[in-house]
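Student: Dumping the structure here so I can ask a few things about it.
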Amino acid sequence: MAPSDFLDMDACAVRPARAAMAVLLLSSVCLTALSPPSHAWAQAVEDEAADTELAGPQDPDATRTSGTLSAQAAGAAAAAVPATGTTSAVSPTGDTEITGAIGDDAVVGGGLLRDQDLIRSNLRETSVDGLKSALADDDDVPGIPLGTFTLKPSIGQSINSETTRSGETRERRTYTETGLKGTLTSDWSRHQLSVTGEGYWQRNLSGTGETKPRADIDAALRLDISRDTIATLRAGYSFDREDATDPNAVNGAETQAGVNQYTLGAGIEHDFGILRGSAKVDVNRLTYSDVDLSAGTTLSQKDRNRDVGTLTTRIGYELSPALIPFLEASIGRGIYELRSDSLGYSRSYKTYSGRAGVEADLGEKLKGELAFGYNTYRFDDARLKDLNGATIDGLINWSPQRGTDVSTGLSTTLEPSTTSGESGALAYTLSSRVTHELRSALVARLSNSLTFRNYPSGSISSDTRVWLAGAGLTYDINRYLALTGDLSYERTTPDRGQATSVARIGVGLTLRR
């Protein structure tokens, strides 16, 4: 937005956006300040430092930078990706806008959640919108021209150490992780096709603990039908392994279930002048592999396979170029592959949700979205309680000064349960990430998130809190090679039962073209 445009904006319209964003940013700062390092954190990191100086990127959001970073620093931040690779939330369209019902949202794996949960392995149901952070194109890396496309590949290798504690039990492992990542983007005068993919493989060098391979590929085709109408087609596939701390994890398993997720989506948005309208349809299929038990047998997870379809519509009113209030409604249906699970419950469901919120765009320094609503999940089996609850979803990208970027997110999601008689839980997540350019070739990252998993009253399952913190550095040796070092700590604390903590530390090298 040009300075003259900013000065012409209606001041009365801008103040509400600033107030809403201030509240969200303040809550994130409070979370970061109040989250104590705790004895567990100090002990875990101290143990790791004594045993090894290995390090590896643990923040898959390292590529997130706003347009205020220099090209050199953006390249340094991008180098931190290959060591963890929770599905990258790189925009399939390359667009940095986060507003609108179809924008850059990732319909699978949780959009914002997969972006902000950092190293979290288990997947969740998505929120109404898969909001995500704004991204900057890595202009410092030229890529490889392929006709009217540009390919930007990278390969990373890291060596890591991980310590997991659960009650009195401690498990350690040292492992290597190899990551491949690439983007293929068209350079057409109209329309755009973008394909992003990444894969990560782990190999244990010592100790015990299951490896966690991950893979993800997404394709998006943007069709510029007219100046005021844009259509989007999407398809994708992802694989991840459930974490041992997931509420649906199997106790005593040698290897938890692998999650395959297939996605298809189509959307259209139209500018009616002062009104903005959009609609989208998303279809996801989730399949779960068998769990390997320590006794040498397997446990089928076929009764968790399901198809989920969602229709979402949104209408927004442009009070000013910087402020657009909106109303949004969605309806969905989840159908399980088996009519009844192994416990005899019919877990197929219908979902209804509504939201009211505001989009704000105050230029590259501050932009975001915040919405409040209500969500209902109604299960086919009358023995399962309906899941109802207020929702809050939002994402704010703020750049207080050149070289510093702050991203704060709020999200509400559903986690279906496999426990007898349990319907599931609503999970509320507050997350934040700060990226700061210390030097032109040195970027520091700090991240923090807190998740509250709440079950309906009278549930057998226990409410749970998950706290996750991470820090890292990326040094750009040159435009093609980067050195990364990270550490992270995750603690899962249920109201009943033993707490679990995981500490990781490592170093890695990333080669990109």
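Student: Checking Arg383 against (1) of a type outside the set (A, V, I, L, M); (2) within 18 Å of Glu269 (Cβ to Cβ); (3) not in a strand (DSSP E or B), only one condition comes out false. Which one?
Tutor: Result: Arg383 passes all but (2).
Student: Tell me the residue from Leu293, Leu319, Leu299, Leu286 that is in contact with a Pro (Cβ under 8 Å, 6 or more places away or on another chain) and farther than 30 Å from Ser189 by Cα, please.
Tutor: Leu319
Student: Check Glu364 against each of (1) part of a loop (DSSP other than H, G, I, E, B); (2) closer than 26 Å to Pro416 by Cα and name the one condition it does not meet.
Tutor: With (1) part of a loop (DSSP other than H, G, I, E, B); (2) closer than 26 Å to Pro416 by Cα applied to Glu364, the lone miss is (2).
Student: Among the residues of segment 233-247 satisfying the criterion of being open to solvent by less than 40 Å² (accessible area, probe 1.4 Å), in a loop (DSSP other than H, G, I, E, B) and touching a strand residue (DSSP E or B) at 6+ places or on another chain (Cβ under 8 Å), which is farthest from Ile268 (Cα to Cα)?
Tutor: Filtering first and then ranking leaves Thr245.
Student: Can you tell me which residue in segment 299-311 is nearest to Glu328 (Cα to Cα), limited to those that are under 25 Å from the mean Cα position of the chain (by Cα) and open to solvent by less than 70 Å² (accessible area, probe 1.4 Å)?
Tutor: So, considering only residues that are under 25 Å from the mean Cα position of the chain (by Cα) and open to solvent by less than 70 Å² (accessible area, probe 1.4 Å), the one nearest to Glu328 (Cα to Cα) is Thr310.
Student: Considering only residues of segment 179-215 that are among the β-branched types (Val, Ile, Thr) and surrounded by 17 or more Cβ atoms within 10 Å (Cβ to Cβ), which is farthest from Thr245 (Cα to Cα)?
Tutor: Among them, the one singled out is Thr185.
Student: Please pick out the residue among Leu426, Leu438 that is over 16 Å from the mean Cα position of the chain (by Cα) and surrounded by fewer than 19 Cβ atoms within 10 Å (Cβ to Cβ).
Tutor: None of the other options fit; the residue is Leu438.
Student: Restricting to segment 341-364, and then to whatever is in contact with a Ser or Thr (Cβ under 6 Å, 6 or more places away or on another chain) and touching a residue at least 40 places away in the same chain (Cβ under 8 Å), can you tell me which residue is most open to solvent (accessible area, probe 1.4 Å)?
Tutor: Only one residue tops the list, namely Leu343.
Student: Right, another one. Taking into account only those residues within segment 276-294 that are hydrophobic (A, V, I, L, M, F, W, C) and modelled with pLDDT under 95, which is nearest to Asn305 (Cα to Cα)?
Tutor: Looking at the filtered set, the residue picked out is Val291.
Student: Look at Gly296 and say whether it is open to solvent by 20 Å² or more (accessible area, probe 1.4 Å), part of a loop (DSSP other than H, G, I, E, B) and closer than 30 Å to Asp361 by Cα.
Tutor: Considered against the rule, which asks whether it is open to solvent by 20 Å² or more (accessible area, probe 1.4 Å), part of a loop (DSSP other than H, G, I, E, B) and closer than 30 Å to Asp361 by Cα, Gly296 comes out as no.
Student: Let me ask something else about it. List the residue pairs whose Cβ atoms are under 7 Å apart, where the first residue sits in segment 477-495 and is in a strand (DSSP E or B), the second is open to solvent by 50 Å² or more (accessible area, probe 1.4 Å) and of a type in the set (D, E, K, R), and the two are 6 or more positions apart or on different chains.
Tutor: Listed pairs, sorted by first residue: Thr493/Arg465.
Student: Shifting gears a bit: State the number of residues belonging to segment 261-273 that are open to solvent by 30 Å² or more (accessible area, probe 1.4 Å) and either in a strand (DSSP E or B) or in contact with a strand residue (DSSP E or B) (Cβ under 7 Å, 6 or more places away or on another chain) (or both).
Tutor: Selection size over segment 261-273: 7.
Student: In segment 464-492, which residues are closer than 14 Å to Leu450 by Cβ and not charged (D, E, K, R)?
Tutor: Across segment 464-492, the qualifying residues are Thr464, Val466, Trp467, Leu468, Ala469, Gly470, Tyr489, Thr492.
Student: Mind checking which residues of segment 380-402 are of a type in the set (S, T, N, Q), touching a Ser or Thr at 6+ places or on another chain (Cβ under 7 Å) and open to solvent by 70 Å² or more (accessible area, probe 1.4 Å)?
Tutor: Listed by number, the list holds a single entry, Asn388.
The values are calculated or read from the model by the stated rules, or taken from the named source; none is laboratory data. The model shown is predicted, which means the values in this text are computed figures rather than measured ones. Cβ atoms come from the backbone with ideal geometry, glycine included; neighbour counts cover every protein chain shown. Please note that ligands, DNA and RNA were not included when accessible areas were found on the heavy atoms of the full protein model with its side chains. Shrake-Rupley method; radii C 1.70, N 1.55, O 1.52, S 1.80 Å.
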